[in-house]
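Reading through the structure tokens given below for one structure.
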Amino acid sequence: MPFILNNMTTQRLFTHLLAIFVITVWGVTFVSTKLLLEAGFNPASILFYRFALAYIGIWLVAHRLPLFAKSLKDELCFVLMGVFGGSMYFFTENLALGYTLTNNVSLIVCMNPLLIAIIAHFLSKDDKLSPRLLLGSLLALAGVTLVIFNGNFTFEITIVGELLAFAAAFSWAFYTLLMRRFSDKYPALFLTRKVMLYGMLTALPIFLYRPLTTDFTLFTQPVVWVNFVFLGLIATLLCFFLWNKTIKFLGAVRASTYIYGMPITTLIASVLILGEPISLMAIIGTLMVLIGVYFATRK
């Protein structure tokens, strides 16, 4: 029995470390995407090339897995996962940035874990909204607010931008809950490959609205291909796979709580890479996030 408990404790610790790694990488993607936008790519093109590179990479790794799901119903659910976790999430989030302040979008998207907890409370028997989880989430969300605004509290309501940001948050919430449903039924690599494929395919209609960037000379710039390799192979292929594993072990609600930590890594990356300042308010917010996540993820 002690050996079994030790193995369970080790696996639990390892899964929490995986969640921290994924959120750290995803926090840096905001800076990486900003560099690609400055290089001449539009948001839809970044989404497409990112998912295309991830799909090629995962096909090389998981080409021996079955091509289709066990049923048509499951396959249609994978299409929805590709939409919610891929094309719709990234497009609505990027589109929101064109209508409202980045801080507004970041704050609303970071409400995602609380949305997941509330939805799961009514739809799932296993993921109930406990007082500890609720208090930890609210404390973390308050900390996120301080981190995102970083001492500069500028908040402008544009309605359209905020609605798009909420659409992105709900989109990721439904993706997470769908992934939890299928995480015990299919291998994580198979699920990740499906999400990459349908995320890429359902993004194609976006180019009727925003044409794909086809100036391939841009890819000769080191800042471009380095960031696309990071976004496609690490932030998308590797991290989606690890996130799916994390959801399987921790559950949708507890795993999503780590999303509160994304603004912290974004802030650190902005300071180190872009040279942006950091305020005392952001440091206090960081401590609040860490304490909130600790309480929310504890059993």
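The values are calculated or read from the model by the stated rules, or taken from the named source; none is laboratory data. Nothing here was measured: the structure is a model prediction, and the numbers come from that model. Every residue, glycine as well, gets a Cβ built from its backbone with ideal geometry; the counts of neighbours run over all protein chains shown. In case anyone asks, the SASA skips ligands and DNA or RNA and just uses the protein heavy atoms, side chains included. Shrake-Rupley method; radii C 1.70, N 1.55, O 1.52, S 1.80 Å.
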Problem - Cut-off 13 Å, label 7 Å out along Cα→Cβ of ILE56, residues of segment 232-260 by amide N - result: 232-233
Exercise for the section: Report, in whole Å, the centroid distance computed from the Cα atoms of segment 1-78 and segment 163-232. Expected result: 10 Å
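Could you work out what % of the accessible surface of the chain is carbon and sulfur, using a 1.4 angstrom probe and leaving DNA, RNA and ligands out of the count?
On the way: 10450 of 14270 Å².
Of all accessible area on the chain, carbon and sulfur atoms account for 73 percent.
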Exercise for the section: List every DSSP H helix in the chain whose Cα atoms extend 18 Å or more along the helix's own long axis and whose mean Kyte-Doolittle hydropathy is at least -0.5. Expected result: 2-39, 43-62, 131-149, 160-182, 188-201, 280-297
Handout entry: Of (i) 27, 26, 18; (ii) 33, 20, 19; (iii) 26, 23, 21, the label for semi-axes √(5λ) of the Cα gyration tensor in Å derived from the coordinates
Key = (i)
Practice task
Please return the longest stretch of the chain lacking exposed loop sites, where chymotrypsin sites (Phe, Trp or Tyr not before Pro) count only if DSSP places them in a loop and at most 14 other Cβ atoms lie within 10 Å.
Solution key: 210-299
Problem - Where a label projected 7 Å from the Cα of PHE14 along Cα→Cβ would reach, residues of segment 236-265 with amide N under 16 Å - result: 242-250
Problem - Charge dipole (segment 1-297, unit charges on Cβ, about Cα centre) - positive-most of LEU189, LEU287, PRO43 - result: LEU189
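Of the trypsin sites (Lys or Arg not before Pro) in segment 13-104, which ones lie in a loop per DSSP and count no more than 13 other C-beta atoms within 10 Å? Don't skip to the answer; put the middle values down first.
Details: sites: LYS34, ARG50, ARG64, LYS70, LYS73; in loops: ARG64, LYS70.
Here the trypsin sites (Lys or Arg not before Pro) that fit, given the DSSP loop and packing criteria, are ARG64, LYS70.
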Problem - Charge dipole of the chain about the Cα centre (unit charges at C-beta), most positive-ward option of VAL226, ALA252, ILE23 - result: ALA252
Handout entry: In the chain, lysine pairs closer than 24 Å at Cα, eight or more apart or cross-chain
Key = 24
Handout entry: Residue among LEU123, GLY57, LEU267 farthest towards the positive dipole end of the chain, charges placed on Cβ
Key = LEU123
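Given R₀ = 51 Å, FRET efficiency for ILE283-LEU72 by Cβ-Cβ distance, to 0.05? The partial results should precede the final answer.
Details: r = 52 Å, r/R0 = 1.02.
With R0 = 51 Å, the Cβ-Cβ based efficiency is 0.50.
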Problem - segment 1-297, dipole about Cα centre (Lys/Arg Cβ +1, Asp/Glu Cβ -1), debye to the nearest 20 - result: 1020 debye
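Can you compute the helix-only [θ] at 222 nm over the chain? Use -39500 (n - 2.57) per DSSP H run of at least 4 residues, normalise by all residues, nearest 500 deg cm²/dmol. Show your work: numbers first, answer last.
On the way: 14 runs with 206 residues, N = 299.
My calculation for the chain gives -22500 deg cm²/dmol from helical runs alone.
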